[in-house]
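Taken together, the values in this text are just the output of simple stated rules run on the coordinates, not laboratory data. Please read all numbers here as calculations on a predicted model, not as lab measurements. With ideal geometry, Cβ positions are generated from the backbone for all residues, glycine too; neighbour counts draw on all protein chains shown.
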Amino acid sequence: MENFYTFGLPEPLVQSLDRLNFKTPTPIQVATIPIALSGKDILGSAQTGTGKTGAFGIPLIAKLLSDQRSSALVLAPTRELAAQVMSALQDLLGRNSPIKTTLLIGGDSMMKQLQQLRSRPRLFVGTPGRINDHLERGNLNFSQTNFLVLDETDRMLDMGFSIQIERIIKHLPKQRQTLLFSATLPKNIVKIADSYLNQPERISMGSTSVPAPKIKQDIVHLSEEEKYPQLLTQLHQRSGSIIIFVKTKFGAEKMAKRLRSENHQTDAIHGDLRHSKRETVIRGFRNSKYRILVATDIAARGLDIPHIEHVINFDLPQCPEDYIHRIGRTARAGAEGEALCFVTPGDRMKWNAINRLINPDAPPMEASKRSGSKKNSSAKRPFGFKKPFRSGGGNSNGGGKRKPSGGRVRAA
């Protein structure tokens, strides 16, 4: 597959793809688009950064262009992802498209959304909570909405949206096409697929518990007190844009302020920010207004900024699957990237859970390991890693350049 022409797409969509310089479909697009264009339901799983939005967006736009009576709904777990999906779909539609769109997310003005709904849009993108608000107020009519996309369904269920999703789907016609995408396919996702999809085609692109192959992963073992000095060392040694993940909203603000005092161009994003402020922060980072973004896990999924070169896990995530999504912010669309984890003695259980996910046969981290101390800096092989381990501590050599590890975690 060399280009998009072989899919038989409508000419306006082909022109948009040319304008966007989309030349070669990604593997998930090659697997998904022909099946979706045939009208079949899809149950899909793929790693982050593989071109999933295009995989469902291209057949969605093709449907709207070829059937003027149809409309489409895309459900996403977060405001940021919904806005990002809408932006991508509008790019595919083109500036002068007669197909109107509306973004229905919390934090946005209800009056603004009502004005958009009065223009009779045919493409709806939003979060389950806000869409349910409009349905309860009688502002929405999905009787002609015959194309449904559930994006990052596992994340929506994790956030407690299962009841809202069920309510929304009751408003859609039974005769529709449904595309469900999820990073993982546990039993609850398969159960939803059985309920809402009609004999779906199963599409899986690679292991969703294995990081993208072009992410070089490193870990630094250190004490809690050594983390911030080591962070400054790493920031000094690394070039390009960086996301630093921390565990709390307060921690994100505190670290951004602290880094700014060290003359680093930095901003923070977390759940307490108003939607307009979060958009401003993301836009500034995307436009390279500042180099470092400090984030909680709100940014772990869906944030698609191609120029991110480094992900630093200052705090480990609570959920091991979120590790894959965090580091997936780099090395997107075939690019290379680097991910670094700070692991303290208190992180032993969290790191063992992450390590079991990506290296199922690995032995657990030793409870007695005193990270960051000189006596433990000898070359050992914890966690089942096949590369020698060197304790990071305050060592300034932790950021040296190495060849990409092909997705295998290595100690720094």
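Observations, loosely collected:
- Residue-wise HN-Hα coupling along the range 4-16, computed from phi with Karplus coefficients 6.51, -1.76, 1.60 (Hz; x: Gly, Pro): 8, 5, 6, 6, x, 7, x, 4, x, 6, 4, 5, 5
- Of VAL149, VAL246, the sequence from fewest to most neighbouring Cβ atoms within 10 angstrom is VAL246, VAL149.
- Long pairs among LYS23/LYS214; LYS52/LYS100; LYS100/LYS257; LYS191/LYS214, criterion Cα-Cα beyond 30 Å: LYS100/LYS257; LYS191/LYS214
- Euclidean distance of C-alpha centroids, the range 1-41 and the range 231-288, integer Å: 36 Å
- Net charge of Cβ neighbours under 13 Å - reference HIS275; Lys, Arg +1; Asp, Glu -1: +3
- When only the Cβ of Lys, Arg, Asp and Glu is charged (+1, +1, -1, -1), the dipole of the range 63-161 relative to its Cα centre reaches about 580 debye.
- Built amide H within the under 5 Å cut-off of THR178, gap 5+: ASP41, ILE42, LEU148, ASN198
- Size of electric dipole in the range 5-205: Cβ of Lys, Arg +1 and of Asp, Glu -1, about Cα centre, debye, nearest 20: 460 debye
- Projecting the Cα atoms of LEU232, HIS275, ASN263 onto the charge dipole of the range 218-282 (Cβ charges, centred on the Cα centre) puts HIS275 farthest toward the positive pole.
- Working value for the range 32-141: equivalent-ellipsoid semi-axes of 23, 17, 13 Å, each the square root of 5 times a Cα gyration tensor eigenvalue, largest first.
- Think of the range 202-359 as a dipole: +1 on every Lys or Arg Cβ, -1 on every Asp or Glu Cβ, centred on the Cα centre; then among VAL343, LEU303, GLN318, LEU303 lies furthest on the positive end.
- The ranking of VAL294, VAL30 by Cβ neighbour count inside 10 Å, starting from the fewest, reads VAL30, VAL294.
- On the basis of the beta-carbon distance and an R0 of 41 Å, SER119 and GLU224 show a calculated FRET efficiency of 0.15.
- Shown for THR184, THR102, THR330: other C-beta atoms within 10 Å of each C-beta, ranked fewest to most, produce the order THR184, THR102, THR330.
- Net dipole in debye of the range 86-132 [+1 Lys, Arg Cβ; -1 Asp, Glu Cβ; about Cα centre; nearest 20]: 200 debye
- Kirkwood hydrodynamic radius (C-alpha pairs) into Stokes-Einstein, the range 5-205, 25 °C and 0.890 mPa s, D in µm²/s: 145 µm²/s
- Converting phi to 3J(HN,Hα) with the Karplus coefficients 6.51, -1.76 and 1.60 and the offset θ = phi - 60°, the range 111-119 yields 5, 4, 5, 4, 4, 5, 5, 5, 7 Hz in sequence order, with x at every glycine or proline.
- Note on LYS249: aspartates and glutamates with a C-alpha under 18 Å away, same-chain residues under 8 apart excluded, are GLU80, ASP267, ASP272, GLU279, ASP297, ASP315, ASP322.
- Of the residues ALA82, ILE99, SER119, the one whose Cα sits farthest toward the positive end of the charge dipole of the range 1-142, with +1 on the Cβ of Lys and Arg and -1 on the Cβ of Asp and Glu, is SER119.
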